[in-house]
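The values are calculated or read from the model by the stated rules, or taken from the named source; none is laboratory data. What you see is a predicted model, and the numbers here were worked out from it, not measured in a lab. These area figures cover heavy atoms from the full protein model, side chains too; ligands, DNA and RNA do not enter into them. Shrake-Rupley method; radii C 1.70, N 1.55, O 1.52, S 1.80 Å.
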Amino acid sequence: MKNWTVNALESLQKAQGKAYELGNSQLEPLHLLWALVSETGLATNTIRSLELDPGLVAQTAERELGNLPTIQQKELPEPSRELQMLFLEAGNLARQGNGGAIAGGGTGMIGTRELLLALTGDRGRAGSVLTTFGITGEKISRALELSGSDQAYQGDDESGMAAGQQSALDLYARDLCAAAREGKIDPIIGRDE
């Protein structure tokens, strides 16, 4: 797990804590989905950019978590086979650059971006929750690309922008404050100097 970003590790830890709290014997992709969408971050911003409510996705995931089998004696949950397969898929996405969704190819780092994309291919409860909201891998890839979050990671940082690259805001927007400071725009009528 040395090739995981800090945010991805925190999400995994939160998912494991939730599984322990609920008394689940296995850590499932559904726990990870809940962890990703229950806190503000790349996953929630991406879902919000699809004009969906990440809070509603989190509530639905939590309701589904209540249907998972529990054990009487709480113990540290082991990753399920499905979750292990999801980790492998996230690793493949990281190496490939999300099928071209990451500018400049893959860095090999597994972050919340790769985990979210891998979750869209899940055939279990987590995938079912995402399908219920119409969230697909294609939509997530496109949303990441439009938001500028498809850039390579810097080390284990998920800031999303590599050195020397411009954000989408810098590329497509005009900084009116900077233009005013440089005297490049007309003064507002009636405003005192």
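Mind listing whichever residues of segment 3-18 are outside any helix (DSSP H, G or I) and among the hydrophobic types (A, V, I, L, M, F, W, C)?
4
Give me the residue from segment 164-193 that is open to solvent by 90 Å² or more (accessible area, probe 1.4 Å) and among the hydrophobic types (A, V, I, L, M, F, W, C) and, out of that set, modelled with the highest pLDDT.
The extreme case among them is 176.
Being open to solvent by 80 Å² or more (accessible area, probe 1.4 Å) and either hydroxyl-bearing (Ser, Thr, Tyr) or assigned to a helix (DSSP H, G or I) (or both) is the filter here, so list the residues in segment 35-44 that pass it.
40, the sole residue that qualifies.
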